[in-house]
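Some notes on the structure that comes next.
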């Protein structure tokens, strides 16, 4: 039925981001009831040494949200290749297009929204999926109602039904429900928090405009183009309210004055006269690039624990002993391989599976343990072992290294 498209990065985009995002994802999942529904999170440009943002908050997502989430990781190397000299750390049109390209083709509808939104279906007992199932084909928008931080901070993010009920109550009780109208193609101010469109149509018009690399107005560009395609922009206000978890206590990247954060509205909105983007017809959403997909339905990093349990036999004594003293310095480089492995392996958990590694050292057993860990973790990259460090050893010993290891002259 619905593929929800959101994006983000594992950084500090605004105050209390972890609660805002988990609250939103849990509540969005709660109003999706069709078996094919999904939430696609495109994690854009998170550093390789960090997990994706959904992985980092997996324990504060409901089982339902974890089940519906499909995470696509757009790594920094690929982002640098396709960011078109943008100064931004995240590109909305590129990220959304990556998700759209890889969404479930069984779903007729797509909802482009953000990870600080909570949707309230106005008719009690109904889901967003049920509402969308009954509406005519077209392009739909909603106004957003601002929910003050002092209110959304009070709710329990793991109780989405209660959160949705609280937002519905507060909206009327505290006079929050204010509709701000905009241009006819947008219908409302802030159109990007709820843009519902047909999958066939977003493919027909070649996705979001990827030349918009400076920030704002991506949503208005899409609204203008879908309005041209459909001849109108429809409202879903009679069926659904959309609440935005306000986060203005702390300025974010898009609120700064040091860099340009707005695309040219004249070029990308006012003068748009066609729905289509022929210049990116074959390339939008990186169809020819391999994008990692990650699932957290069964938790995060459980494979790390499983692999370590397979490799390490466990300690015979309750603890290890060593000394930190002047006599210990320069006395040797001996260490317990089994003790070191979990800390060494930790650096590889979030890295690309095909990453090649250079090892400068003479500890063959450590190399074997690392190779076994990477192989059992599904990593296909090589470990290049420095030839000079092994030069004092028998040549046959080097040949006995695991197949994933190659002896080489490292710089």
Quick calc, residue 387 & residue 305: beta-carbon distance into FRET formula, R0 41 Å, rounding 0.05, result 0.75
Output the relative contact order of the chain, whole-number percent, from Cα pairs under 8 angstrom with separation of 6+ residues. 19
For residue 173, placing the label point 7 angstrom along Cα-to-beta-carbon and taking segment 122-150, residues whose amide nitrogen sits under 20 Å are 122-125, 145-150
All-pairs Cα distance distribution in segment 64-173, expressed in whole percent, bin size 5 Å: 2, 7, 15, 17, 17, 16, 13, 8, 3, 1
The rounded separation in angstrom of the Cα centers of segment 258-303 and segment 1-64 is 17
Got a sec? How would 110, 1 order by Cβ neighbour count within 10 Å, fewest to most? 1, 110
Given 25 °C and 0.890 mPa s, compute D for segment 2-294 with the Stokes-Einstein relation, Rh being the Kirkwood radius over Cα pairs; round to the nearest whole µm²/s. 128
Approximate spin-label separation residue 351-residue 274, in nm, with each point projected 7 Å along Cα-to-Cβ: 4.7
Segment 321-382 and segment 79-110: distance between their alpha carbon centers, rounded to Å: 36
Share of pairwise Cα separations in segment 302-408, more than 17 Å, in percent: 59
Estimated distance in nm for a label pair at residue 235 and residue 288, the labels positioned 7 Å out from Cα along Cα-to-Cβ: 4.5
In nm, to one decimal, how far is the modelled label at residue 124 from the one at residue 200, with both set 7 Å along Cα→Cβ? 3.8
Please give the FRET efficiency for residue 400 paired with residue 11, using the beta carbon to beta carbon distance and R0 = 51 Å, rounded to the nearest 0.05. 0.70
Quickly estimate the mean residue ellipticity at 222 nm for the chain, helices only: each DSSP H run with n ≥ 4 gives -39500 (n - 2.57), and the total goes over all residues, rounded to 500. -8500 deg cm²/dmol
Could you pull out which residues in segment 17-34 have an amide N less than 14 Å from a spot 7 Å beyond the Cα of residue 133, following the Cα-Cβ vector? 31-34
Hull volume in cubic angstrom per residue (convex hull over the Cα atoms of segment 285-363): 179
So residue 216 and residue 153, fully extended at 0.36 nm per residue minus their Cα-Cα distance, gain in nm 20.0 nm
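Laboratory data are not the source of any read-out in this text; all were calculated from the coordinates shown. Predicted, not measured: the structure shown is a model, and the values here were computed from it. Using ideal geometry, Cβ is built from the backbone for each residue, glycine included, and neighbour counts are taken over all protein chains shown.
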